[in-house]
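The next block holds one structure in the form of structure tokens; read it before the comments.
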Amino acid sequence: MDEITITVDGQQIKAEKDQTVIEAAREAGIYIPYLCWHPTLKAFGACRMCVVQIENMRGTPASCTTAATDGMVVTTKGPEVDQIRHDIMDMILSEHPHGCLTCPRIDHCGPQDICLRHANVVDRCVLCPQNERCELQDVVFHLQMNDSDLAYEYRNLPLDTSNPFIDHDMNLCIVCGRCVRACNEIEGVDAITFIERGDKTLIGTSLGGSLSDSGCTFCGACVDVCPVGAITEKDHKWSGAPERSITTICSHCSVGCQLELLVKGEKVVRSIADLSGPVNRGNSCAKGKFGYLFIHSDQRLTTPLIRKEGALVEASWEEALSLIAERLAQYKGPGFGAIASTRATNEECYLLQKFVRGVMASNNIDHRDSTCPSESVAPLGEMLGAAAMTNGFREMVDAKCLLVVGSDMTSDHPVAAIQVKEAVRQGATLIVVDPVETELALLATQWLRPRPNTEALLLAGMAKIIVDEDLLDQEFLSQKCEGLDQLKESLERFSLDQVEEAMGVDKGRLVEAARAYGTQSPAAIFYATGSSAQNAGPEIAKALADLAMLTGNLGVPASGVNPLRADANSQGAADMGCIPNTLPGYASLAQGAEAFGKAWGVSLPSESGAGYDEMMQRARDGSLKALLIVADTQRVDESPDPEALKNLEFLVVQDLFLTEAAKCADVVLPAATFAEKDGTFTNAERRVQKVNRVIEPLGGARPGWQIICDLARRIGASGFDYEGPHKVMEEIASLVPIYGGIRHDRLGVKGLQWPCPSLDHPGTPILHAESQNIGSGKGLLKPLDFQPAPAQADAEYPLLVMASTFREVKGVLELEGQVIATLNRNDAAALDLADSDEIEVVSKRGSVTARARVSPDSPVGIIMLAYPQTRVLVSTLYHAPADSTWDPTFLKGARARAAKLVAAGAGT
Amino acid sequence: MNYPGLVARAEEASRARFPRVLVQVGGCTRSVGAGVVFDSLLAEVTKRGLAVTVAVAGCDGACFQAPVVLVQTSESETFRLTQVEPTDVGSIVDDWLTTSPHESQDWKGTAALWPPADGPSGFWAGQTRLVLDNTGRIASLDPDDYVSGGGYSALHRVISSISPEEVIDLVLEADLRGRGGAYFPAARKWQGARATGRSPRYLLVNAEEGEPGIYKDRHLMEGDPFRLLEGIAIAAYAIGAETVYLYINGEANLSASRMARALDRAKADGLVGSKVLDSGFGFDIEIRRGAGGYVLGEESALMNSIEGQRNVPRTRPPFPVESGLWGRPTVINNVETLCNLPMMLAEACPEPGRRGDFKYAQVGSDTARGTKIISLSGRVQRPGLVEVAMGSTIREIVYDIGGGPPEGHEVIGVVAGGPSGGLLNADMSQGRDMLDVAIGPGMLDPAGAVLGSGGITVLDDTVSPVEVVRRLAAYNAEESCSKCTPCREGTKRMLDILDGLVEGRGKASDLEALEYMSDIVGLGSLCGLGQMAGGPIKSGLKHFKEHFTRAAG
């Protein structure tokens, strides 16, 4: 990077070659007032507030659009530029309600005073939702102005409060265009635009409809960048200026966005994407932006509950913990199991498995991940040496080819999808393999739509083409991999015609996709397996790891194999050993039992443990007797099958809400949310980031790490006395080599990506980059011999459910929305369903009402449920835990039947 | 088809061309019935079964005489009939197409041999018609007619014997400057785009012409479309542009339809396409229509419009020659600029040292070569579209060509350059009569007036300069794209004050505020619309001070 020196107001400052004057000045701590410029957006040069004078340049160039050049001499103040700024501000204020600036009481008014009886004031500061947090106010004060010389004109425009998340008051708009650019440049959504021209210009939707009509994803980027009160969050709109703000990690998906939570009193009133977040850099999605509301939900559990005479009644912590300690003491051994939360911190996950293995002498521990379960990631550990993303999110913008398999990224990992969309905008080839129509599928260069459960076969076909057409990276293969012959042999056992026949995608298109992936470098893979792959997840992972090794797409930026795990700490839960037969740091029981046992002062149980599904099975058959579920349910209720839970002798559920599982429990413990505790999350790209306590736990709720330590001590275990989560991390670091260099005080704003073996190690952004070895030895190519199980006929539930979300479009659906169920016309005919019929889709888990769409193209045997995005967001973000029927994952992957819904009374 | 083939075909066609009647049907002459005259003449000729060609020509620019009909009895004899009405058609056919000699005159206009035997006079005398040479004189959509007049000889010569780099050198040396209003050396842009070495490169023809009182590009497209296509081909050859976008104003329907038809003919004749004149050079032209708005004439807003974006200007750098349409090197030239090329390159000598030794380079002033097409309107006896040598004075244009004000009135000034220009006064109140200023690139007057794209509107003593300024300000406020705060808010605020002055609500401080705000809007805006929006106001305040002082009460 070329460094240059420029002089700003007599001060010599260093700048980078591609920086603009305002960027260089800002980095050096020199403030130039601005309104349309924003650090996350491209320069626009519209407000003209940042004008400066530059030696040897005519006039007053805008510092946001002028590139800094070596030796440049810039003056940011002075009569001429001050005058221009004043005059422009005059014009802005003449149309912007500015009682907040001109009030005669301004100097002797305390913060948030309300002076509605003060007779002389008509236009009050408190009438603006942005009062005291308004950038325009700041600039006006900087300019030492307090009024406009021009006559004030109120635009008198109606407010738009029609959507559930964002309010528009265009009377306050200063037409800086930040929101429009954020929507375009950051999100690529283009839901809002400038409308009209000349002085009538404002922000709106291109066809004049509502935000949800125009494809808004409610990511809130427009809200975060709006310098005034024109675009605001509906919730806490009138909460005023926050008292403090704390940056922490979003608790929803595995991308690991940093969010600044703004607090007033002990209440989180706003969430703003943090500009310094290494992954999101100021971006967020609807979940991060509005998904904090559950923290203060009035349905939160705030006191322990104990089942007495069949009913759950409030109890003290003392009472609850004593009861659990007493009962659990009876179930030590394989009769006990625990399910870890994928939203608990690493420290909590570590402590839970330590409790299960060290105190309860059981290996029955697992976690659940709805999009990419740990068994779908495990093959990467075996083949590449690490069961996680090989690469990072931000770098993906530089990929030349992106292969996205089975992941509805724009819905499940929206901020990671931004990089994918940007790469496509820059010309990258996007190949989507998905039976479900996702937003990325529609954007893709090639959307390959295999029959559900045949994805692995399709990928094996791609590998075959790459081998047959010799698109191999021979050097990479010979130096870094083994097993090529066995793989080739396995590929010879089938023909492309067979693949085509089984998966239903034209083989010519498969050849095209394989060539794109095999020749365009770097090529990256994202995948998830939760949607349709059923039990083929490991096979998909194997095929993808093979593809990456065959083409040498490992160890370089914007390449690799990248599983998209579902939740904020899905990765951490696996890293911390919340998987049945793997100790923290992926040590096998055989390898690690001794070391861990020694460290914990116990001998570890040797019999292998059960995973989630097996624990449920054992609960049903009675061999599992006691279960501890740590759930941290935030959005939708993902409780296990209540039938299995009811069969247990003793069930403890630690959660935020009274979920279906909690309702079955003998003891319910109220847990603290992510905002109420300290610890770390590990995102999908192996980045360990600090979770910071923002507020005190609500009511009697307690952080999970405290609960488990209290419990262990009561059972009489030693080794559960920690000063705090940072001490737990020290213990983790001493036992888990990939976390060896991780300490809370080392994480800073950027976190550390494992492997980070020592205190001086900077972390590893890209796996396999430097060493000659992949993992501890050579990359292991695996034969691809997957045969999809023939579809099982099920007379009662003939259809397989796929699910996705869609953006509402005016005329198709209104805001309240409806699920659209697309099915093949033959299936529809068999079920006596017609287009537009109101139908009920029923599975063992529950039912959903939907509108039928009959299509000749839709795969046979599948019913595609498309959920209206806004309705899903409203339901899942506002009333946590939500009405599950509005969550796309609710019936996903289930077998179901469908029938016409007969209106009540219409039966005559 | 190759060039000799075209010439041979044109020769063949010219034998059957006469007698011919050309009706000058243009966007403006249609408003006075030229279209109906054409239809009636065609119907009459057909009805009587006469062996006479009836064809459409563009308007020759004499607005005050429209509709004009040219009767070409033979290759060498043409009569020009003015102010023809549909009811005159019968007598035209009787008197001019079926009998001889031709003397009778039953309509209110005039009829005369054309060009007059004793040389041009009046409206025509002061003009130097190089670019408008064909306009009105040839059948617009007859490629053979264009070739007969020397059309495509320049393109043929360029493609067959001059390298693109040499074409650039030639045009640089001839100093052809952009006629859209900025007068930037046209070939400098070609050079810049070529120098990037990147492809594809684009040529974007700016035919947006959204300014009120300007109608030159429309006349060229309607009257001489093949000349524009030839000019485009030469420029595309010099630039190495594969694709040309011809961006025509959204309201100029006749221009667009004539260009579309001419383009079809040119493609059929192999003048646009993969092998131009059977050479190895190929390019394609795509016609795009304006999406509405004065700011579209600003080249970066125009590019945004083609890309499907909102029509707001982009920041510079990067300049379009480096990063224009879709980030590719893009040259933007005006229609009139390109229409200069065939005439220039048909005769310019490629030999170093003798360059510049041709007609174009000899016309004009020391500071600007060639001619400029002026749209002359307002309170003048002979308004129209005129072409004069650079360096002509406004007085010559207004009085010698335009015939001065209507009887009994006095010219008090002119608006030069429309809403982005300014006012010049015609009295001696400022110590000099400003009409003697010579036209050329740059400011005609520091207060605001510019030649721009060549609009001159004459104001006489029936006109209120304050109202004129208000109208121009209203236009700018309406057309501001809204991107820059000073332009969006300032143009509106200035209009508010001017409204007050016109409606009798003026106050003394208004004039100072106007002056002041003009400066701020100019200093603080990104593109020409805002930068020059203060021109009419500042020049009005300066040159018509007493009118404003009176209005401010």
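The values are calculated or read from the model by the stated rules, or taken from the named source; none is laboratory data. Keep in mind the model is a prediction, meaning the values are calculated, not measured. Please note: Cβ atoms are built from the backbone with ideal geometry, for glycine as well, and neighbour counts cover all protein chains shown. Heads up: the accessible areas ignore ligands, DNA and RNA and are worked out on the full protein's heavy atoms, side chains in. Shrake-Rupley method; radii C 1.70, N 1.55, O 1.52, S 1.80 Å.
In the set A:763, A:748, which member is surrounded by fewer than 17 Cβ atoms within 10 Å (Cβ to Cβ) and either modelled with pLDDT of 85 or more or within 30 Å of residue A:207 (Cα to Cα) (or both)? Only one candidate passes the filter, namely A:748. Residue under question is residue B:551, and the condition is that it be more than 10 Å from chain A (Cβ to nearest Cβ) and either small (Gly, Ala, Ser) or within 16 Å of residue B:463 (Cα to Cα) (or both); does it hold? In short, yes.
If you go through region A:23-68 and keep only what is facing another protein chain (nearest Cβ under 8 Å), closer than 19 Å to residue A:177 by Cβ and either among the acidic types (Asp, Glu) or open to solvent by 10 Å² or more (accessible area, probe 1.4 Å) (or both), you end up with A:43, A:44, A:48, A:65. All of B:78, B:53, B:82, B:128 fail the test of being assigned by TED's automatic domain parsing to the domain that holds residue B:28 and either open to solvent by 30 Å² or more (accessible area, probe 1.4 Å) or within 30 Å of residue B:369 (Cα to Cα) (or both), apart from B:53.
Would you call residue A:166 more than 14 Å from every other protein chain (Cβ to nearest Cβ) and open to solvent by less than 10 Å² (accessible area, probe 1.4 Å)? It is true that residue A:166 is more than 14 Å from every other protein chain (Cβ to nearest Cβ) and open to solvent by less than 10 Å² (accessible area, probe 1.4 Å). Among all positions in region B:439-447, there is no residue which is out of contact with any strand residue (DSSP E or B) (no Cβ under 9 Å at 6 or more places or on another chain), open to solvent by less than 10 Å² (accessible area, probe 1.4 Å) and more than 26 Å from residue B:381 (Cα to Cα).
Note on region B:297-331: residues that are open to solvent by 10 Å² or more (accessible area, probe 1.4 Å) and within 30 Å of residue B:153 (Cβ to Cβ) amount to 1.
Per the conditions (1) within 18 Å of residue A:544 (Cβ to Cβ); (2) not in a helix (DSSP H, G or I), the sole criterion not satisfied by residue A:437 is (1).
State which residue is nearest to the chain's Cα centre (by Cα) when the search covers only region A:407-427 and only residues that are open to solvent by 10 Å² or more (accessible area, probe 1.4 Å) and closer than 25 Å to residue A:503 by Cβ. Only one residue tops the list, namely A:412.
Close Cβ contacts (under 7 Å, 6 or more residues apart or on different chains) running from residues in region A:394-406 that are assigned to a loop (DSSP other than H, G, I, E, B) to residues that are acidic (Asp, Glu) and open to solvent by less than 30 Å² (accessible area, probe 1.4 Å) comprise A:406/A:434; A:406/A:455. Comparison of B:527, B:484 shows that the only residue that is within 13 Å of chain A (Cβ to nearest Cβ) and surrounded by fewer than 24 Cβ atoms within 10 Å (Cβ to Cβ) is B:527. Residues in region B:461-480 that are in contact with a Ser or Thr (Cβ under 8 Å, 6 or more places away or on another chain) and either acidic (Asp, Glu) or within 10 Å of chain A (Cβ to nearest Cβ) (or both): B:476, B:477, B:480. The one condition from (1) in contact with a strand residue (DSSP E or B) (Cβ under 6 Å, 6 or more places away or on another chain); (2) more than 11 Å from chain B (Cβ to nearest Cβ) that residue A:11 does not meet is (1). Among the residues of region B:35-50, those identified as buried (at least 17 other Cβ atoms within 10 Å of the Cβ) and under 15 Å from residue B:19 (Cβ atoms) are B:41, B:42, B:44, B:45. Which ones in region A:340-384 are open to solvent by less than 10 Å² (accessible area, probe 1.4 Å), among the hydrophobic types (A, V, I, L, M, F, W, C) and over 15 Å from residue A:683 (Cα atoms)? Residues satisfying the conditions are A:340, A:351, A:352, A:355, A:356, A:360, A:365, A:380, A:383, A:384.
On inspection, residue A:354 does not qualify as among the charged types (D, E, K, R), touching a Gly at 6+ places or on another chain (Cβ under 8 Å) and not assigned by TED's automatic domain parsing to the domain that holds residue A:638.
Take the conditions under 27 Å from residue A:62 (Cα atoms) and open to solvent by less than 40 Å² (accessible area, probe 1.4 Å) and apply them to residue B:500. Does it pass? Taking the combined requirement at face value, the residue does not satisfy it. Of a type in the set (Lys, Arg), modelled with pLDDT under 90 and either over 28 Å from residue B:391 (Cβ atoms) or open to solvent by 10 Å² or more (accessible area, probe 1.4 Å) (or both) - does that describe any residue in region B:423-437? There is at least one residue in region B:423-437 that is of a type in the set (Lys, Arg), modelled with pLDDT under 90 and either over 28 Å from residue B:391 (Cβ atoms) or open to solvent by 10 Å² or more (accessible area, probe 1.4 Å) (or both). Taking (1) open to solvent by 10 Å² or more (accessible area, probe 1.4 Å); (2) in contact (Cβ under 8 Å) with a residue 60 or more places away in the chain in turn, residue A:660 satisfies each apart from (2).
Looking at region A:443-514, the helices (runs of 4 or more DSSP H) lying wholly inside it that each contain 1 or more residues that are of a type in the set (Phe, Trp, Tyr) sit at A:474-480.
Answer yes or no as to whether residue A:513 is modelled with pLDDT of 90 or more and under 24 Å from residue A:411 (Cβ atoms). Taking the combined requirement at face value, the residue satisfies it.
Quick grid of which residues meet (1) at pLDDT 90 or above; (2) over 30 Å from residue A:442 (Cβ atoms):
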site	(1), (2)
A:131	no, yes
A:154	no, yes
A:203	yes, no
A:206	no, no
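Kindly list the number of the only condition in (1) open to solvent by less than 10 Å² (accessible area, probe 1.4 Å); (2) in a loop (DSSP other than H, G, I, E, B); (3) touching a residue at least 60 places away in the same chain (Cβ under 8 Å) that fails for residue B:413. Condition (2) is where residue B:413 drops out. The set of residues in region A:194-206 that are more than 7 Å from chain B (Cβ to nearest Cβ) and either part of a strand (DSSP E or B) or surrounded by fewer than 17 Cβ atoms within 10 Å (Cβ to Cβ) (or both) comprises A:195, A:196, A:200, A:202, A:203, A:204, A:206.
Checked across region A:178-191, the condition of being within 11 Å of chain B (Cβ to nearest Cβ), at negative phi and buried (at least 17 other Cβ atoms within 10 Å of the Cβ) holds for at least one residue.
Selection of region A:833-874 for residues being open to solvent by less than 20 Å² (accessible area, probe 1.4 Å), touching a strand residue (DSSP E or B) at 6+ places or on another chain (Cβ under 9 Å) and polar (S, T, N, Q) yields A:843, A:858.
Checked against the criteria, residue B:473 counts as more than 17 Å from residue B:127 (Cα to Cα) and open to solvent by less than 10 Å² (accessible area, probe 1.4 Å).
The rows are residues; the columns are (1) under 26 Å from residue A:84 (Cβ atoms); (2) of a type outside the set (D, E, K, R); (3) surrounded by fewer than 18 Cβ atoms within 10 Å (Cβ to Cβ).
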| position | (1), (2), (3) |
| --- | --- |
| A:124 | no, no, yes |
| A:138 | yes, no, yes |
| A:147 | yes, no, yes |
| A:150 | yes, yes, no |
| A:155 | yes, no, yes |
| A:161 | no, yes, yes |
